[in-house]
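Peer 1: The structure that follows is given in the form of structure tokens.
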Amino acid sequence: MKPANSLMSGLGTTVFEVMSALAREHQSVNLGQGFPDDKGPHEVRAAAADYLLNGHNQYPPMMGIPELRQAVAQHAKHFQGLDVDWQSEVLVTSGATEALGDCLFGLIEPGDEVVLIEPLYDSYLPMVRRAGGIPKLVRLEPPTWRLPREELAAAFSDRTKLILFNTPMNPCSKVFDRDELDFIAALCLKHDAYAICDEVYEHIIFDDRRHVSIMTLPDMRARTVRIGSAGKSFSLTGWKVGYVTAAPELMKTIAKTHQFMTFTTPPNLQWGAATGLRLADDYYSTLATDMQRKRDHLAVALAGIGFDVLPAHGTYFVTTDFRPLGFNGTDDDFCRHITVEAGVTAVPVSAFYDEPVRAPRHFARFCFCKHDETLDSAIERLGRHFRR
């Protein structure tokens with residue numbers, strides 16, 4: 001038989017599924033995959049449930065129901081000061097990953113160069129390559145994850161179609177500050193490149209930092225695509241509701257791609273997401289405060305066990321260096337070891353690099369968006385194991 005697509009058939013199973021399956025096999029406390037224990041805001045879930053029973057359950061508009069698109073525009077105005085036309089500049093997608101696919105497949109021509117920043121979310125590279133893009137990788141180095149400006153500038157050229165980056169950044173929990181975003185924006189303007197910014201963790205940010213969208217910077221409005229996620233903002237990752245904001249000319253192509261990918265998203269979940277985006281400000285501040293408390297609880301405990309814990313300025317995750325514990329294997333070995341022997345699962349950070357064998361191999365990522373009793377169980381198990 002003729003072979004399938006060589007790129008896609010050559011990919012391994014995502015690290016999240018591998019480690020979660022291992023966690024289930026060994027009844028481990030899973031601090032690997034980034035999904036919260038929390039059920040999400042009651043009013044958001046109730047709105048979706050009511051719409052499911054009483055609303056219109058046939059195909060909604062391809063761009064998304066007006067109520068959600070209006071809420072996305074209002075949200076952008078309130079939190080980022082952006083004036084967004086909900087009719088021509090907002091698209092609803094079946095999750096932020098679909099949004100990424102719509103943007104990359106819609107904007108990249110085969111042979112276009114795409115700047116990416118490692119460590120990076122694991123879906124970025126396969127989609128860029130399947131779209132025919134040529135990745136130009138720039139690496140952040142632990143423990144500071146400082147933006148390497150000379151290397152980033154060297155990665156751009158007249159062949160650069162776009163830069164794709166994530167802030168707050170999974171997996172390393174970096175938040176790009178205004179000065180760094182200004183530098184990225186200047187490169188986009190110099191080389192006539194687009195910026196696709198994955199901002200799904202925009203409300204999960206700590207220590208009085210502020211999320212700044214590159215779309216708000218001078219001359220970037222027309223060349224930026226902004227991606228958000230109801231799953232992350234409302235702790236409802238299973239809903240898979242994302243949204244894209246882009247200028248009308250960009251949106252036309254992205255929307256055409258969307259119509260042949262998923263076409264639409266369940267209307268009751270869209271209605272629930274619209275309800276969420278209209279929650280009062282104290283919901284978002286409480287979300288960040290609660291996640292920061294969980295971060296501190298886990299980080300302090302891991303440091304007490306002997307890990308070197310790196311700063312985490314946003315997202316659900318803390319990165320740890322396990323070398324002080326005396327473990328001499330790779331990060332993959334370590335994460336499998338603690339899953340099987342200690343009953344706690346983490347994710348090896350090398351999985352977020354294009355070439356894991358050339359990546360740092362002594363960092364493990366732990367997820368803290370869990371109930372306190374879940375975190376306490378993991379801490380107790382790790383402490384008991386390494387005290388032995």
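The values are calculated or read from the model by the stated rules, or taken from the named source; none is laboratory data. Everything numeric here is computed off the predicted structure, so don't read it as measured data. Here the Cβ is made from the backbone with ideal geometry for all residues, glycine too, and neighbour counts use every protein chain on show. Accessible surface areas use protein heavy atoms only, side chains included; no ligands, DNA or RNA. Shrake-Rupley method; radii C 1.70, N 1.55, O 1.52, S 1.80 Å.
Peer 1: Are there any pairs with C-beta distances below 8 angstrom linking a residue in the stretch 186-214 that is part of a loop (DSSP other than H, G, I, E, B) to a residue that is among the aromatic types (Phe, Trp, Tyr), with the two at least 6 apart or on different chains, and if so which?
Peer 2: So the pair list comes out as HIS191/PHE156; ALA193/PHE156; TYR201/TYR316; GLU202/PHE79; HIS203/TYR284; ILE204/TYR316; HIS211/PHE79; VAL212/PHE176.
Peer 1: Separate question: Given the criteria under 19 Å from the mean Cα position of the chain (by Cα) and open to solvent by 20 Å² or more (accessible area, probe 1.4 Å), does HIS297 qualify? Lay out the reasoning, then the answer.
Peer 2: Details: under 19 Å from the mean Cα position of the chain (by Cα): no; open to solvent by 20 Å² or more (accessible area, probe 1.4 Å): yes.
No: the conditions fail for HIS297.
Peer 1: Mind checking which residues of the stretch 135-157 are surrounded by fewer than 16 Cβ atoms within 10 Å (Cβ to Cβ) and part of a loop (DSSP other than H, G, I, E, B)?
Peer 2: GLU141, PRO143, THR144, ARG146, PRO148, SER157
Peer 1: Okay, moving on. I'm trying to understand the selection: among the residues of the stretch 110-152, which are within 18 Å of TYR194 (Cα to Cα), touching a Lys or Arg at 6+ places or on another chain (Cβ under 9 Å) and hydrophobic (A, V, I, L, M, F, W, C)?
Peer 2: VAL114, VAL115, LEU116, ILE117, ILE134
Peer 1: Within the stretch 332-388, take every residue that is among the hydroxyl-bearing types (Ser, Thr, Tyr) and in contact with an Asp or Glu (Cβ under 7 Å, 6 or more places away or on another chain) and give me the one that is most open to solvent (accessible area, probe 1.4 Å).
Peer 2: We begin by selecting, within the stretch 332-388, every residue among the hydroxyl-bearing types (Ser, Thr, Tyr); these are 339, 345, 350, 353, 374, 377.
Cutting the leftovers down to in contact with an Asp or Glu (Cβ under 7 Å, 6 or more places away or on another chain) gives us 350, 353, 374.
Values: SER350: 5, TYR353: 11, THR374: 35 Å².
Here the answer is THR374.
Peer 1: Could you please let me know if ALA46 is open to solvent by less than 20 Å² (accessible area, probe 1.4 Å), out of contact with any Pro (no Cβ under 6 Å at 6 or more places or on another chain) and assigned to a helix (DSSP H, G or I)?
Peer 2: Details: open to solvent by less than 20 Å² (accessible area, probe 1.4 Å): no; out of contact with any Pro (no Cβ under 6 Å at 6 or more places or on another chain): yes; assigned to a helix (DSSP H, G or I): yes.
For ALA46, the condition - open to solvent by less than 20 Å² (accessible area, probe 1.4 Å), out of contact with any Pro (no Cβ under 6 Å at 6 or more places or on another chain) and assigned to a helix (DSSP H, G or I) - is not met.
Peer 1: I'm told GLY12 meets every condition in (1) open to solvent by less than 70 Å² (accessible area, probe 1.4 Å); (2) at pLDDT 95 or above except one. Can you identify the failing condition by its number?
Peer 2: Answer for GLY12: the failing condition is (2).
Peer 1: Is the stretch 241-251 home to any residue that is open to solvent by 20 Å² or more (accessible area, probe 1.4 Å) and either more than 30 Å from TYR194 (Cα to Cα) or touching a strand residue (DSSP E or B) at 6+ places or on another chain (Cβ under 9 Å) (or both)?
Peer 2: The first filter runs over the stretch 241-251 and keeps only residues open to solvent by 20 Å² or more (accessible area, probe 1.4 Å), leaving 248-249.
Keeping just the survivors that are either more than 30 Å from TYR194 (Cα to Cα) or touching a strand residue (DSSP E or B) at 6+ places or on another chain (Cβ under 9 Å) (or both) gives none.
No, because not a single residue in the stretch 241-251 is open to solvent by 20 Å² or more (accessible area, probe 1.4 Å) and either more than 30 Å from TYR194 (Cα to Cα) or touching a strand residue (DSSP E or B) at 6+ places or on another chain (Cβ under 9 Å) (or both).
Peer 1: How many residues, within the stretch 218-246, are out of contact with any Ser or Thr (no Cβ under 8 Å at 6 or more places or on another chain) and over 29 Å from GLY40 (Cα atoms)?
Peer 2: The total comes to 6.
Peer 1: Which of the residues belonging to the stretch 49-78 are exposed (fewer than 15 other Cβ atoms within 10 Å of the Cβ) and closer than 30 Å to ASP122 by Cα?
Peer 2: none
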